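*Asks:* Handing you this structure, nothing more for now.
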Amino acid sequence: MGNYFQPEIETASREQITEWQNERLSKQIKHVYDNVKMYRDRMDEMGIKPEDIKTIDDLKKLPFTTKDDLRDEYPYGLLAMPLADCVRIQSTSGTTGRRVVAFYTQHDIDLWDECCARAIVAAGGTKEDVVHVSYGYGLFTGGPGLNGGSHKVGSLTLPMSSGNTERQIQFMTDLGSTIICCTPSYAAYLAESIIERGVQDQIKLKAGIFGAEAWTEEMRHDIENKLGIKAYDIYGLTEISGPGVSFECEEQTGMHVNEDHFIAEVINPKTGEVLPDGEKGELVFTSITKEAFPLIRYRTRDICILNHKKCSCGRTHVKMTKPLGRSDDMLIVKGVNVFPSQIETVMLNQGYDPNYQIIVTRANNSDNIELQVELSPAMTEETAEQIKAREKQLVAGLKAMLGIFVDVKLVEPKSIARSEGKAVRVIDKRNLYQG
């Protein structure tokens, strides 16, 4: 029997979990009906009153919320509490410049910190540990979430943020970091850097909590072997709070959803119908304890499977597989959300036709993104110099839009294969969604 941060919650009976969910859901629906115009209008349109939602079985009567709703209602449309009661925002990079902003009351942050604390304790964390947080801080939820979780556990917290590998390794050796929290690709990079410097014997790491990107079992084993740790997966999204929506236990066969805060459903992405346990579909979350920014039936676009099989760790909360793909065209490259539509926007602004291909590869556990764009016939008259300058300009435009470097290659007109039907815009050679 394992380590729990809140044993009475994490090992509660299914009856108890259902009771919490029923009670919190009906309270939450009244809260959003009274305070969020979009939800009130939609429920009125469908002829649903808050009192019609008594149990989780009534959830399927309610409409879905999508990323587009969040953009349309930006910034304050989905706020369910007075701004005076909110103490923080977090945000994701938007697809077309419209960002998604999530609000938190102090109570929301306390609950989020508890969810992250559960993940840290599940990975073996105690107040004796040194938790080294190398997720980005600022608007990105990774750093603040695990930072808060580590404080709740009482661990010594190193708020490193990402980058500056030299300093990361120095603090890791000098302060004896025992748990590292970062993206899997950064963990792999750190492992290489530690081996290059020959300081493996000075590293005290025992566990890693890795999320924000898809990664394979092969990559997990590679990181575990190189760093001599056990690598745990963590899942979350800004819209629902951030990391800690679900987390892995020592069994490493999927992530337990914190069901006292979030109700998980899996739906058929085409029809919206709720699927039974064990079937693959799109993951949908309802926040039942959030005050400031509670989303109802939010479509994550992540494809996964839920299962209620008994877990050897003793936790009773449902498990989800790691995401097995996306039901939209989003790519995650270096932990950053990239949509082809963002790339198109930059190209069109610079006068190119949308004949392009995005090729994503991974070498030495590091992502690389290449964009091939066809020149227009008129551009083929230009000198090699001018074409070089064009490439540079596109690289700069994409860096400004996405925040990451994209390798741009301008190619001859009509050289990118045309396909019947939906153009194959993205070639992802990383084989992420396996195992």
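The values are calculated or read from the model by the stated rules, or taken from the named source; none is laboratory data. Every value quoted in this text rests on a predicted model; they were computed, and no experiment measured them. Cβ placement follows ideal geometry from the backbone for every residue including glycine, while neighbour counts extend to all protein chains displayed. Protein only, heavy atoms only, side chains kept; ligands, DNA and RNA dropped before computing areas. Shrake-Rupley method; radii C 1.70, N 1.55, O 1.52, S 1.80 Å.
*Asks:* Considering only segment 15-67, state which residues are closer than 26 Å to D302 by Cβ and of a type in the set (D, E).
*Replies:* Of everything in segment 15-67, those that are closer than 26 Å to D302 by Cβ and of a type in the set (D, E) turn out to be D57, D58.
*Asks:* Right, something else. Which condition does Q342 not pass, out of (1) surrounded by 20 or more Cβ atoms within 10 Å (Cβ to Cβ); (2) more than 20 Å from G254 (Cα to Cα), if it passes all the others?
*Replies:* Q342 satisfies every listed condition except (1).
*Asks:* Right, here's the next one. Are any residues in segment 315-327 open to solvent by 20 Å² or more (accessible area, probe 1.4 Å) and assigned to a loop (DSSP other than H, G, I, E, B), and if so, which ones? I'd like the intermediate steps shown before the answer.
*Replies:* Within segment 315-327, the first condition is being open to solvent by 20 Å² or more (accessible area, probe 1.4 Å), and the residues that meet it are 316, 321-324, 326-327.
Correct list: T316, T321, K322, P323, L324, S327.
*Asks:* Could you check, for segment 158-176, whether at least one of its residues is surrounded by fewer than 17 Cβ atoms within 10 Å (Cβ to Cβ), under 20 Å from C115 (Cβ atoms) and at pLDDT 95 or above?
*Replies:* Among the residues of segment 158-176, at least one is surrounded by fewer than 17 Cβ atoms within 10 Å (Cβ to Cβ), under 20 Å from C115 (Cβ atoms) and at pLDDT 95 or above, which makes the answer yes.
*Asks:* Let me ask something else about it. Please enumerate the residues belonging to segment 393-415 that are touching a helix residue (DSSP H, G or I) at 6+ places or on another chain (Cβ under 6 Å) and of a type in the set (K, R).
*Replies:* Of everything in segment 393-415, nothing turns out to be touching a helix residue (DSSP H, G or I) at 6+ places or on another chain (Cβ under 6 Å) and of a type in the set (K, R).
*Asks:* Right, here's the next one. Taking segment 242-253, which residues are under 18 Å from the mean Cα position of the chain (by Cα) and open to solvent by 10 Å² or more (accessible area, probe 1.4 Å)? Walk me through it before giving the result.
*Replies:* In the first step, residues of segment 242-253 are kept if they are under 18 Å from the mean Cα position of the chain (by Cα); the result is 242-248.
Passing the criteria: only P243.
*Asks:* Now a separate question. In this structure, does L348 turn out to be among the hydrophobic types (A, V, I, L, M, F, W, C), in a strand (DSSP E or B) and either open to solvent by 20 Å² or more (accessible area, probe 1.4 Å) or closer than 30 Å to P82 by Cα (or both)?
*Replies:* For L348, the condition - among the hydrophobic types (A, V, I, L, M, F, W, C), in a strand (DSSP E or B) and either open to solvent by 20 Å² or more (accessible area, probe 1.4 Å) or closer than 30 Å to P82 by Cα (or both) - is not met.
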